[in-house]
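Chemist: Structure below; questions to follow.
Nothing in this text is a laboratory measurement; each read-out follows from the coordinates by a stated rule. Here the structure is a predicted model, which is why all the values come from computation and not from measurement. Please note: Cβ atoms are built from the backbone with ideal geometry, for glycine as well, and neighbour counts cover all protein chains shown.
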Amino acid sequence: MPGPIDDTLKHLTELSAPDWVVRGGWSAAPASLIDADIATISGASDKVIRVTGPPDWLLAVDFQTGHDAVAKLADLLLYNSALFKRHRLRVRSLLVLLHRGADSPQLTGFYERGFPNEPFDVALRYQVVRVWQVPPSQWLSGGLGLLPLAPLGDVEPAQLPPVIAQMKQRLDREAPPRQAADLWSAAYILMGLRYKQTMIRTLMQGVITMRESVTYQAIIEEGKAEGKAEGKAEEARKILLLLGRDQFGEPPADLQATLDALSDVHRLEELTLRVKHAASWQELLGTPGPRRRSSRRKPPS
């Protein structure tokens, strides 16, 4: 999940590492982020938290927004073993689903792998947090790093204004201006996973002070500058895939290749706007698909 969303989540996890221990269902304990790199294994876990015991242990946190969360389970098992080998500390795994499109009945908290009709060879127990099922009050009452997730909790759009207002109360009271601006920026980015930009901008107006607004806008512009060309296209493609998978399911391999080749940001944004009005990936991309049977009956001869 490279890009602004990944950078945002890393910052929030670092800011409130102990809260993720509690959110995963374990007892509260002092905790801090450690290096998530696992030597030669590419694609390390998103964030790794060291929890102070006794005994000390590690929490590997993985955030998911796309429909490939089930495929990620094999990676969770790999990271769990590799982290244990590197740090010689027991490891627990936490899978955080940020969007309903990432959910699946197969995400049960237990993953096993083996041969058919034989006992499993390896297995992993993990915890799952479905952000949209958590009441916003729980995000609002945790550490400051959890505040930007409150609008993604169990809240309807009409309930968002008071949620934003409570976020502002805490940030005004507890966060220095620069940190408050960073957290508003994080909220803006994460809300893009669920809400339209026009709604987000409307909600943000009036809650950000002039000083915060200048810093906030600078952060947004900096992100835009860093994400020019390829970066912008990558984020636009991810949003298109996220919405498309939620609407049509996984794209066929040939259409996935077509999607991967799209690099025009305006084209990707245009396709994203058309997702809700198309019936299939083929219709969305204008490619031939399975012919539908006509519902008209032949006239009697």
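Chemist: Quick one: in region 11-36, which of the residues that are part of a loop (DSSP other than H, G, I, E, B) and within 19 Å of the chain's Cα centre (by Cα) is nearest to W132 (Cα to Cα)?
Modeler: This residue is G24.
Chemist: Restricting the search to region 164-200, which residues are hydrophobic (A, V, I, L, M, F, W, C), over 17 Å from L12 (Cβ atoms) and without any contact (Cβ under 8 Å) to a residue 40 or more places away in the chain?
Modeler: Within region 164-200, I200 is the sole residue that qualifies.
Chemist: Among the numbered criteria (1) touching a Lys or Arg at 6+ places or on another chain (Cβ under 7 Å); (2) without any contact (Cβ under 8 Å) to a residue 40 or more places away in the chain, which one does A278 miss?
Modeler: For A278, the failing item is (1).
Chemist: Based on what the data block shows, is Q106 touching a residue at least 40 places away in the same chain (Cβ under 8 Å) and polar (S, T, N, Q)?
Modeler: no
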